[in-house]
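Questions regarding the structure given below will be posed in turn.
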Amino acid sequence: MGMGRVGLVIGFWFVFWMFVGAALGALTAGYHGGIQNGIYYGAFNGAIFAFIASFAWPWIMPESLERWMDRGGA
């Protein structure tokens, strides 16, 4: 069974939270840290959050998305 759909959801999950973390980091960066550091550390923190939150997928994933991932084939 292929893992294409699962990989797509995982990739979207990580990219989404890294983008959210980078945006929050850029918005909350002070003058001394710089916006670049805020974006970098925000993206890193977003990846850590995505990893930790991925363990809660059975409780937070919509049933329709789980059915879509479980369907094999095309």
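The values are calculated or read from the model by the stated rules, or taken from the named source; none is laboratory data. None of these values were measured; they are calculated from a predicted model. Cβ placement follows ideal geometry from the backbone for every residue including glycine, while neighbour counts extend to all protein chains displayed. For accessibility, only protein heavy atoms count, side chains too; no ligands or nucleic acids. Shrake-Rupley method; radii C 1.70, N 1.55, O 1.52, S 1.80 Å.
Please find, in a Gaussian network model of the chain (springs between Cα atoms separated by less than 10 Å), the residue of Ile48, Ile39, Ile60 whose mean-square fluctuation is greatest.
It is Ile60.
If a helix is a whole DSSP H run, which ones in the chain reach 24 Å or further along their own axis (Cα) and hold a mean Kyte-Doolittle hydropathy of at least 1.0?
TM-like helix candidates: 4-28.
Here's a follow-up. Just the number please: accessible area per residue for the chain, 1.4 Å probe, all protein chains included, in Å².
It amounts to 77 Å² per residue over the chain.
Are there trypsin sites (Lys or Arg not before Pro) in the chain that DSSP puts in a loop and that have at most 15 other Cβ atoms within 10 Å, and which ones? Intermediate results must be reported in sequence, preceding the final value.
Working: sites: Arg5, Arg67, Arg71; in loops: Arg71.
Those satisfying the criteria are Arg71.
How large a share of the accessible area of the chain, in percent, is made up of carbon and sulfur atoms when the probe is 1.4 Å and the other protein chains stay in place? Mind showing how you got there, number by number?
On the way: 4130 of 5690 Å².
Answer for the chain: carbon and sulfur cover 73 percent of the accessible area.
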